[in-house]
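Structure record follows, encoded as C-alpha cells.
The values are calculated or read from the model by the stated rules, or taken from the named source; none is laboratory data. Note that the structure is predicted; figures quoted are calculated from it, not measured. No Cβ is skipped: glycine too gets one built from the backbone with ideal geometry, and neighbour counts run over all protein chains shown.
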Amino acid sequence: MSTASTAAPQSRTSYSPTPAAPIEDKLKAKVHNFNFYYGNGFHALQDINMPIAEHKVTALIGPSGCGKSTLLRSFNRMHDLYAKNKYAGDITLYPENINLVGPELDPIEIRMRVSMVFQKPNPFPKSIFENVAFGMRVRGENNGAYVRERVEKALRGAALWDEVKDKLDASGMALSGGQQQRLCIARALATDPEILLFDEPTAALDPISTAKVEDLVVELKKTVTIVIVTHNMQQAARVADYTAFMYLGKLIEFDVTNKIFTTPSNPMTEQYLTGRFG
Amino acid sequence: MSSTTSGIPTAGDQAPFLDLTASGVPTPTRMKERIIETLLLLAGVSSVIITIGIVVVLLMETIPFFGRHVEEIALPSMHGTAPYTVSAVLKNPGDAVSKKDALLEVTDAAGKMTQVLTHFDGQVRSINVKVGDLIDPSRFTAADEIRELSHAVKRTLAEGAPIPIADVTWRVRLTDFFGDTQWTPAFADKRFGIWALISGTVVTTLVAIFVAVPVGTISAIWLSEYCKSNVREVIKPVLELLSAVPTVVYGYFALLAITPVLQTIGGWVGIDIPGFNMMSAGLVMGVMIIPYVASLSEDAMRSVPMQLREGSYAMGATRVQTATKVILPAAFSGVTAAYILGIARAVGETMIVAIAAGQMPTFTADPTDAGQTLTAFIVGISKGDTPRGSLEYRTIYVCGLVLLMMTLFFNVAGYLIRKRYREAY
Amino acid sequence: MADQPQQQSPANDDKIAKLRNMIAKRKRFDLLFNVTGLTLIVLSLSVLAALGGKLIYDGGTRLMETFEVTPWGQAPGYRDIVGDFDRAPATDKLAAGYQVTPVPMLLKTVSGTLDPTPLIGKRVAVKGDLSKDGSISVDEMRAIPDSPPGEEISGNPTLVGIIEDVRPDPKDPNLTHARIDPEPMRVIFPEDNDVKADDLVGQRVAVDPGRRGRKAEVGTIEARSVTPLKSQNFLTGMLSTNPREAGMFPALMGTLMVTIVTALLTIPMGVAAGVYLEEYAPKNWLTNLIEINIANLAGVPSVIWGLLGLGLFIALLGLGESVMTAGLTLGLLVLPIVIIATREAIRAIPSTIREASIGLGATKWQTVRYHVLPYSLGGILTGAIIAMSRAVGETAPLVLVGAATYLSATPFDGFALSSPSTWGSPLSSEFTVMPMLTYHWVAQPEHEWHRAAAAGSIVLVAFTLSMNAVAIYFRYRLRRNIKW
C-alpha cells in the first residue's frame, strides 16, 4: 500500500484496488466479478465487485475512460445495441436474484425495469406529453386516463409539471436544456423503474439547471434506487450515499460517500480527490 | 490573348477586360487565374442558361399553341358556290334540351337546299342560329361557333368529294385546355383537354407510389435499423441497380411479363384487363423508384442521432417501436423528401408508360384501363413524323411545359424539405 | 448482512410475469417486421432476377443465333436455297462442274394429308414453297428410289434428301415437322451467266433456283444467280425489316458515337462547374440560384431534355437529326449528375489540404490543379461512369431528336480519313441507338420482333449494369483506401 502511494498513478501495475466492504443497507443489486469486453477486444471492466443499496444514490466517479459509463450502461444492457460486446460475471438484481447481464434475460425486460437518463438531453421529436408517455406506449398502454395520470405524476416527480402543464402538446425539443433533461428524467420515471441510471446528467447543463437536477436526484431516491455517473466530485459528495472510485477499468475503492471523501483507504483515491491526476 | 495562354506578357497585349485586379497590371499567373476562373464561372452558370433555354424553347411553341390557328376547311362541292344561307332551323340549340345539336336547312347561292345536322361538343356552350344567317366560308374568322358549324357541315354533307374552300382561324382557349377532359389533337374534331393526359400521369404515378412507398420505407427501416452495416454495404448498391436498368427494358418487362400475369389474375377475379394498361406500367415504375425512396429515406433515418435511438432503447422499446415511434418522426422531413422525389421521378418517367400503358388518352381513374400520360403522348407523337410548326408539334411542347411545372413543383418541394432537415441535425 | 436475497412477494412475481408476456408479444411483432423487411428487399431484388430471366428466356437464343446475309446485308431471298458451294466431279451423265449442298431444312406438312413418319430414313423428293423462316411448306413428298444424279425425275422437286426425323409442331397441332438432310445438287448455270464459280468454292451461298419445266434431272438446280453469304449475329448484323435477321450493329456504333460526344461535352463542363461551385463560388444569391437550379435540373424528366434538343439543336441551330444533336442533348441531360458527383468528391477533401497548398504559396488554380482534382479524381470518375451509363440507357430524348428505327448504314460508313470533306460526317449523319431500336421492336406486334427486343435489352442491361458495377466498385475502393 505504501509503495503504491508514491508510484505514478499512470502506471498500470502500480495500483491495487481496495476490496469493497459489505454495507449496512438493504441491497437492490450486486455487481460480482464483473468483466466487460468491447467488440474490438478491449477489456474495459475488470473484476468489478460492488453493492448497490436500495433507495440510495450510488455515485461512480473517476477520470475519463475509467469505465464508469461502461459499467453504468451494463446495468440496462445498452451494450447489447452494438455487435460483439461481451459481458462476464454477474450483476444480480434483488429481490428476485436474477442476473442482469445473463444471456437468458431479455435486454428489453431489463431496460423496462432499469431506466436511464443520458448525458445529453435526448427528448424525442414529439410532444412533451408523448415523450413522457413513450414508456407506456412501448408497453402497449392505451388507457388515456391512466396514461394522463402517470404522465402528470412523472412530470411532477421530475419537478417539471408547473413549467409545462400548459403546453403539453408543444414539442419536447422546444424546451431549454435543463428542462429537456428533466423531461428525460420524467420519461424514465413514468414507468416506475426499479433502478434509475444517470450518465453524467448535468454535463451539458448550466449551473442553475444542474442544481435543479441534483435536488431532483436527492428527492427521487425515496422511491427509486439511483446509480449516477459523474465527472464532478462535488456533485458526488452532494448527492451520493455511496461512492465508487474507478480507474482504468478497475474499481479502486467503494465506500460510504463521507468516508471516501474524508478518509479514503486507498492512496489512489486520495490522489484523485486531491486533484493530483484525473 | 496568345500571351495569356503562353504566359509571357507583352506590352499592349493586355486585353482591357483582364485589367481587373486590384494591383492594376496583371501578372501572368494572375491573368491565367483570371481566365480559368472566368471559364469555371461560365461552366457554373451554364446550368442556369440551360434552364432558361428549356423554358424559352417550351414557351416558344406553347405561346403560338394558344394563339391563332389557320385551318383549311373542306365543304362539299355539290352545292355550287358559297355563301350558304340558313333557310330553316329545324331544331335550334338555343331552346333545345342539349343546346349542342342543331338541325339546319342551308341553301347555297344557286338555291339548292340541304339539311345539316350540327353537333357541338364541349367547345361551344350554346349557339344561336337564325333563319337568314350566312355561313360564308370565305369570311370565317375567329368564331369557334363558325368553326364548329363548318365542321358539322363537313361531317354531314361530305358524301361527295370535299374540296378545300376556306381557311378558318380559331384558337385553343385556356378554358378548354383546363376545362375539357378529352385530348384528340390528331382527330378531325380536335379537343385539347389536358386532363385526359394528366389523369394518366396521376393514375400511373399513384400505382407506382402505392408500390414504392411502403416497400421503400420498410426496406429503408430494415437497412437502417435491422441489418448489419456490412450487409447494408452490399444490399444498398445492389438495390440501386434497380434504378440503373434502362427504362425501355422495364417497359418491355411491363408489357410482356407483368401484363400477362395481371391478365391471368384479372381472369380469376373476373376483371378484364387490356393488353395495354396503366396498372402494369405503374407497378413496374414503382419497382424502379424503390431505390430512390429506400436510399434517400435510409440516409435520413441514419442521420438521426444515435442518442435518440439509445433513449428509445433505454426505455425498453423494441427495434420496430424505435423505428416507427422515434426514428420515423425524427426523419420525417427527409423521408417526405424521398417520397416527393420518388413522385417526381414517376411523373417524369416516359418509356415504361409509353410502352405498356397504351397510347389512348383517357380521362379515367381506373388503373386497369389503358391510358396515356403526358410523357407517353410526347414520345408517341414524336415517333411519327410531325412537321415543325404544325399543331401536333406544338402540343408536345405544351405537354412538356405542363410536365415541367409538375415535376418542378415536386422537385423544389423535395429540395427545400431535404435542405431543412439537413440543417436540423 | 444484506447480501442474502430477500423474500419475493407474489404480487411482484405476477407483475414480472405480465411484463414478460407483453415483451414476448412485442418481440414477435419485431421479428415479424424484421422478416417483412428482408422479404420486401429480397422481393425487390427478385424483380431484377425475374427481369433478367424473362429477357434471357425471350431473347437469349436470339442473341446467340447466327444468320446468313448477302454482302449487302440482306437476308437471302425467300426462294433461294442456302447451302455450301463446291466442285463436283464428273459422273456417268454429267460433266465435272459445281454443286451445292443445301443446309438441313425443316419440312412443314399438314397432319393427316401427308404423313412423313413412314418416310423416315428414306430418300424423298420434296416439292413445296420455301418460306421466310427457312423451312419448306410441303406440297408434295414422295419416296424415290436411289438413282444417280442426272437421271430425269418428274414433278420438278425442290429438294431431294433423306428424312431424318419427324415430330409434331410444338404450337400448331395441325402441323408436323420433318427434318431433311438434303443431297448435294448440281448447279447448272444458264449459258449467258457471268458467275465466277471458282471464287465461290467452299463458301456458303444462296442459289436462286430459277424457273424450270415440269421435268428435270434429279439432283440438279438451275441457278439464276449464286450469291456468297456471310454469317452474322445479333451484335454484328445490320438492321433489317425482317425480325429474324435484324441485328443491331449500327445501333452499337450509334450508341458509341453518341456517348463519345456526350462525354466530351459533359465531363469537362460538369467538372468545371463542380470545381467552380466548390472552390471558387462566393456565397451569394447567384451561387444559391445555381445550386437550387442544379438540384432541379437533375430532376427534370428526360423527355423534356428531348424537347430541348428538338427545339434548340434541330429547330434553332439546324444540327439535324444527327449524332451531334443526340450527343449534345444527352450531354446536357447528364450534366447535373457529373456536377453533383464532382462536388461531392471535392467536398470530401479536408480543407487542411487546401490550406497546406495555399500556405506554401500556391495559387487557387494551382491548388485545384495539383491537389483538389487529383485527390477527387476517383469520385469524379465514378460520377462520370454513372452519367455515361444513364446516357447509354436513355430512350425518350432520342425518340424526340429523331433516332432512326431503320438505317442501312452505321455512322462510320462513308467516313474516310483521307477525304477531309467527310471528316464531319459521322457527327452529322443519321443515327440510331440501342434503346431506340429496343423501343421500336417492343412496339411491333409480332413475337419475333419481341425476341429481337429482348436480345437488345440484354445487351443494353449488360452495358448499363456493368458500367454501374464498375462505378460501385470504384466507390467501394475509394471508401476503403482513403482515410483522411
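Here are the numbers:
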{"read-out": "Matching residues, region B:331-369, being more than 14 Å from chain C (Cβ to nearest Cβ) and of a type outside the set (V, I, T)", "value": "B:A331, B:F332, B:S333, B:G334, B:M360, B:P361, B:F363, B:A365, B:D366, B:P367, B:D369"}
{"read-out": "Residue within region A:201-209 that is among the small types (G, A, S), more than 14 Å from A:K153 (Cα to Cα) and within 14 Å of chain B (Cβ to nearest Cβ) present", "value": "yes"}
{"read-out": "All positions within region A:88-104 that are without any contact (Cβ under 8 Å) to a residue 24 or more places away in the chain and within 14 Å of chain C (Cβ to nearest Cβ)", "value": "A:P95, A:E96, A:N97, A:I98, A:N99, A:E104"}
{"read-out": "Matching residues, region A:237-278, being touching a residue at least 60 places away in the same chain (Cβ under 8 Å), under 27 Å from A:L220 (Cα atoms) and either among the hydrophobic types (A, V, I, L, M, F, W, C) or touching a Gly at 6+ places or on another chain (Cβ under 7 Å) (or both)", "value": "A:V239, A:A240, A:A244, A:F245, A:M246, A:L251, A:F254, A:V256"}
{"read-out": "Residue under evaluation A:R156, criteria (1) more than 9 Å from every other protein chain (Cβ to nearest Cβ); (2) touching a Phe, Trp or Tyr at 6+ places or on another chain (Cβ under 9 Å), criterion not met", "value": "(2)"}
{"read-out": "Enumeration of residues in region C:427-449 that are assigned to a helix (DSSP H, G or I) and touching a helix residue (DSSP H, G or I) at 6+ places or on another chain (Cβ under 7 Å)", "value": "C:L427, C:S428, C:M434, C:P435, C:M436, C:L437, C:T438, C:Y439, C:W441, C:V442, C:W449"}
{"read-out": "Selection from region A:115-129 of residues that are under 24 Å from the mean Cα position of the chain (by Cα), crowded, with 19+ Cβ neighbours inside 10 Å and more than 7 Å from every other protein chain (Cβ to nearest Cβ)", "value": "A:V117, A:P121, A:P123, A:I128"}
{"read-out": "Elements of type helices (runs of 4 or more DSSP H) contained in region C:273-390, each with 2 or more residues being surrounded by fewer than 23 Cβ atoms within 10 Å (Cβ to Cβ) and away from chain B (no Cβ under 14 Å)", "value": "C:351-359"}
{"read-out": "Flag for C:T255 being closer than 30 Å to C:R347 by Cα, outside any loop (DSSP other than H, G, I, E, B) and modelled with pLDDT of 85 or more", "value": "no"}
{"read-out": "Residue check, B:E233 touching a residue at least 12 places away in the same chain (Cβ under 8 Å), more than 7 Å from chain C (Cβ to nearest Cβ) and among the charged types (D, E, K, R)", "value": "no"}
{"read-out": "So B:I290, is it at the interface with chain C (Cβ under 10 Å from one of its Cβ atoms), β-branched (V, I, T), buried (at least 23 other Cβ atoms within 10 Å of the Cβ) and touching a Leu at 6+ places or on another chain (Cβ under 9 Å)", "value": "yes"}
{"read-out": "Tally, over region A:130-153, of residues that are part of a helix (DSSP H, G or I) and within 10 Å of chain B (Cβ to nearest Cβ)", "value": "7"}
{"read-out": "Residue list for region B:237-263, restricted to those being under 24 Å from the mean Cα position of the chain (by Cα) and at the interface with chain C (Cβ under 7 Å from one of its Cβ atoms)", "value": "B:L242, B:A244, B:V245, B:P246, B:T247, B:V248, B:V249, B:G251, B:Y252, B:F253, B:L255"}
{"read-out": "Odd one out for C:E152, checked against (1) at negative phi; (2) surrounded by 12 or more Cβ atoms within 10 Å (Cβ to Cβ); (3) at pLDDT below 75", "value": "(2)"}
{"read-out": "Positions within region B:397-422 being closer than 18 Å to B:T350 by Cα and touching a residue at least 24 places away in the same chain (Cβ under 8 Å), in sequence order", "value": "B:Y397, B:V398, B:C399, B:G400, B:L401, B:V402, B:L403, B:L404, B:M406, B:T407, B:F410, B:N411"}
{"read-out": "Odd one out for B:Q372 among (1) at pLDDT below 90; (2) part of a loop (DSSP other than H, G, I, E, B)", "value": "(1)"}
{"read-out": "Number of the exception - B:P305 against (1) surrounded by fewer than 20 Cβ atoms within 10 Å (Cβ to Cβ); (2) within 12 Å of chain C (Cβ to nearest Cβ); (3) not β-branched (V, I, T)", "value": "(2)"}
{"read-out": "Counted residues, region A:169-199 - those being more than 10 Å from chain B (Cβ to nearest Cβ), under 18 Å from the mean Cα position of the chain (by Cα), outside any helix (DSSP H, G or I) and more than 22 Å from C:L19 (Cα to Cα)", "value": "1"}
{"read-out": "Region A:6-36: number of residues that are at pLDDT 75 or above, out of contact with any Pro (no Cβ under 9 Å at 6 or more places or on another chain) and of a type in the set (K, R)", "value": "1"}
{"read-out": "All positions within region B:203-218 that are in contact with a Ser or Thr (Cβ under 7 Å, 6 or more places away or on another chain) and at the interface with chain C (Cβ under 10 Å from one of its Cβ atoms)", "value": "B:V215, B:G216, B:T217, B:I218"}
{"read-out": "Residue match in region C:44-52 (condition: at pLDDT 90 or above, loosely packed, with under 14 Cβ neighbours inside 10 Å, under 39 Å from the mean Cα position of the chain (by Cα) and of a type in the set (S, T, N, Q))", "value": "yes"}
{"read-out": "B:Q372 vs. criteria under 27 Å from C:E321 (Cα atoms) and surrounded by 24 or more Cβ atoms within 10 Å (Cβ to Cβ)", "value": "yes"}
{"read-out": "One residue from B:G267, B:G251 being out of contact with any strand residue (DSSP E or B) (no Cβ under 7 Å at 6 or more places or on another chain), under 18 Å from B:T350 (Cα atoms) and of a type outside the set (V, I, T)", "value": "B:G251"}
{"read-out": "Residue match in region B:204-214 (condition: outside any helix (DSSP H, G or I) and within 24 Å of the chain's Cα centre (by Cα))", "value": "no"}
